[in-house]
1. Which residue out of 148, 102 is within 24 Å of residue 19 (Cβ to Cβ) and basic (Lys, Arg)?
2. Could we say that residue 7 is surrounded by fewer than 14 Cβ atoms within 10 Å (Cβ to Cβ) and either outside any loop (DSSP other than H, G, I, E, B) or without any contact (Cβ under 8 Å) to a residue 12 or more places away in the chain (or both) here?
3. Is it the case that residue 54 is assigned to a helix (DSSP H, G or I) and either at negative phi or free of Cβ contacts under 8 Å to residues at least 40 places away in the same chain (or both)?
4. Count, please, the residues in the stretch 88-98 that happen to be surrounded by fewer than 16 Cβ atoms within 10 Å (Cβ to Cβ) and either within 23 Å of residue 57 (Cα to Cα) or within 18 Å of the chain's Cα centre (by Cα) (or both).
5. Looking at the stretch 164-173, is at least one residue within 22 Å of residue 17 (Cα to Cα), at pLDDT 95 or above, in contact with a Pro (Cβ under 9 Å, 6 or more places away or on another chain) and surrounded by 16 or more Cβ atoms within 10 Å (Cβ to Cβ)?
6. With the condition kept exactly as written, say whether any residue in the stretch 35-46 is surrounded by 17 or more Cβ atoms within 10 Å (Cβ to Cβ), of a type in the set (Gly, Ala, Ser) and either assigned to a helix (DSSP H, G or I) or at pLDDT 90 or above (or both).
7. Going through 106, 180, 137, 176 one at a time, which residue ends up being of a type outside the set (Asp, Glu), over 27 Å from residue 81 (Cβ atoms) and either without any contact (Cβ under 8 Å) to a residue 40 or more places away in the chain or crowded, with 16+ Cβ neighbours inside 10 Å (or both)?
Amino acid sequence: MRKVILDLATTLDGYIEGSNGEIDWCIMDDDMEFENFLNSIDTIFYGRVSYDLWGNYQPDSSASPSEKAIWQAVHAKEKYVFSSHFRDDANATFITSDLAEKVAEIKNSTGKDIWLYGGAQLITTFNNLGLIDLYRIAVHPTVLGSGKPLFQNLKNRLNLKLVDTKVFRSGVVQLIYEPITSF
């Protein structure tokens, strides 16, 4: 069965973006091997707001070749957008109801793993429904003091088992966890 993987960056104090939506603190080093992660997935789950911001994003002409290649790889994936409103979109399938059943269908279909891109509201929903199979959290050496927290409005405690760590030259530490379903 395919896994739903939450892979995202957070600040040391647990924010996924600043108070004004800023993500300029997010570091992307070549030793992070993000391309390898992209090669391990073939599907991306978005919330509507994140999709509208990033689902069709194109870097400007001055972007590096590696940045352009990353966005090309991202846009080659199958995209699902979870939203309360249906929209006909040539680049994504919108899911407006039966979220848990639709996720189960997708996970049981043939393919590679699935990247839960976000945003925060969708991550909360997936957490509350127990739909995340792996957490890949890249903790960046920045403290914002305020912003949008990674974990909010959880209905239940989330118990996780650390399965791997990676330290990058920038000081980013990636923590990889699996959920613990029982003690």
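1. 148
2. Values: surrounded by fewer than 14 Cβ atoms within 10 Å (Cβ to Cβ): no; either outside any loop (DSSP other than H, G, I, E, B) or without any contact (Cβ under 8 Å) to a residue 12 or more places away in the chain (or both): yes.
Judged against the criteria, residue 7 is not a match.
3. Values: assigned to a helix (DSSP H, G or I): yes; either at negative phi or free of Cβ contacts under 8 Å to residues at least 40 places away in the same chain (or both): yes.
Here the answer is yes, as residue 54 does meet what is asked.
4. Within the stretch 88-98, the first condition is being surrounded by fewer than 16 Cβ atoms within 10 Å (Cβ to Cβ), and the residues that meet it are 88-91, 93, 96-98.
Then keep just the ones that are either within 23 Å of residue 57 (Cα to Cα) or within 18 Å of the chain's Cα centre (by Cα) (or both); that gives 88-91, 93, 96.
Within the stretch 88-98, residues that are surrounded by fewer than 16 Cβ atoms within 10 Å (Cβ to Cβ) and either within 23 Å of residue 57 (Cα to Cα) or within 18 Å of the chain's Cα centre (by Cα) (or both) number 6.
5. Checked against the condition, which is being within 22 Å of residue 17 (Cα to Cα), at pLDDT 95 or above, in contact with a Pro (Cβ under 9 Å, 6 or more places away or on another chain) and surrounded by 16 or more Cβ atoms within 10 Å (Cβ to Cβ), the stretch 164-173 yields at least one hit.
6. Our first condition is that a residue be surrounded by 17 or more Cβ atoms within 10 Å (Cβ to Cβ); within the stretch 35-46, this holds for 38, 41, 43-46.
Remaining after also requiring of a type in the set (Gly, Ala, Ser): none.
No, every residue in the stretch 35-46 fails to be surrounded by 17 or more Cβ atoms within 10 Å (Cβ to Cβ), of a type in the set (Gly, Ala, Ser) and either assigned to a helix (DSSP H, G or I) or at pLDDT 90 or above (or both).
7. On the way: 106 fails: over 27 Å from residue 81 (Cβ atoms); 137 fails: over 27 Å from residue 81 (Cβ atoms); 176 fails: over 27 Å from residue 81 (Cβ atoms).
Just one listed residue meets the conditions, 180.
The values are calculated or read from the model by the stated rules, or taken from the named source; none is laboratory data. In this text the structure is predicted, and so the values were computed from the model without any measurement. Cβ sites come from the backbone with ideal geometry, for glycine too, and all protein chains shown count toward neighbours.
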